[in-house]
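Step one of this worksheet: look at the structure below.
Readers should treat all values here as calculations from the given coordinates under stated rules, not as data from a laboratory. Everything numeric here is computed off the predicted structure, so don't read it as measured data. Here the Cβ positions follow ideal geometry from the backbone for every residue, glycine too, while neighbour counts run over all protein chains shown.
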């Protein structure tokens with residue numbers, strides 16, 4: 001199983017704690033065996049959380065792919081003033097701690113905007129999280145037009161990783177970054193695009209078609 005490199009220190013830490021608990025159990029007796037047994041699921045869960053599976057799916061300049069695994073919690077019309085600077089449709093996908101947390105690029109294009117904003121860590125399913133929470137936004141211009149992806153920290157997320165810098169060329173389906181331990185990703189698309197998902201749908205990053213530009 002391939003794992004994201006950001007997970008390696010956590011995996012090593014989990015294994016180290018398990019080894020220490022097992023050593024204490026062997027040295028001091030069975031009272032330490034129960035903590036060791038309870039820690040085993042955590043040790044197994046950490047590499048699973050940081051898994052980075054290979055993804056293949058539909059590709060094409062008309063398609064906007066999901067940037068995150070998770071559940072669509074809202075599809076709303078908004079005014080996006082940072083990059084698109086006008087009306088947009090915002091599709092919000094919430095990732096729980098059991099989802100793959102590696103995010104993927106929705107389109108081929110060039111990164112023209114990148115902005116980090118510190119903020120709160122309220123429940124990422126709430127509407128105000130898109131404005132109030134810690135976040136990183138990147139604006140991408142494709143051959144069909146511009147869109148923006150916003151990675152949003154959640155209640156327990158404390159680290160947003162975004163790979164691309166302004167001026168980088170990105171490829172549809174490749175890694176965009178990662179958010180640790182539960183969070184949300186918003187994709188802002190301009191008017192005239194048909195959104196292909198609705199609240200309650202499940203998405204797979206780099207596979208699910210989120211929206212389509214007209215032919």
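Evaluate the relative contact order of the chain (contact order divided by residue number), counting alpha-carbon pairs under 8 angstrom at least 6 apart; express in whole percent. Spell out each step's value before the answer.
Numbers: 526 pairs, mean separation 54.5, N = 215.
Normalised by residue count, the contact order of the chain is 25 percent.
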| field | Packing-based ranking, highest mean first, of 65-74, 166-175 given that Cβ atoms within 10 Å are counted | value | 65-74, 166-175
| message | With both bridge residues required to lie in region 63-212, what share of the DSSP beta bridges run antiparallel, to the nearest 5%? | response | 100
| remark: Row for region 5-49, column shape: gyration tensor on C-alpha, a ≥ b ≥ c, rounded if a/c < 1.5 i.e. under 1.5, prolate if a/b over b/c, else oblate; value oblate
| Rounded tilt (10° steps) of 8-28 against the dominant C-alpha axis of the chain | 20
| In degrees, nearest 10, range 0 to 90: what is the angle between the Cα axis of helix 33-49 and the longest Cα principal axis of the chain? | 20
| note | Reduced to Cα centres, the span from region 21-81 to region 158-172 in Å works out to 20
| query | Remind me, what semi-axes does region 1-145 give for its equivalent ellipsoid, largest first in whole Å, using sqrt of 5 times each Cα gyration tensor eigenvalue? | reply | 40, 18, 13
| Taking a quarter of the surface of the convex hull around the Cα atoms of region 42-83, what do you get in nm²? | 5.8
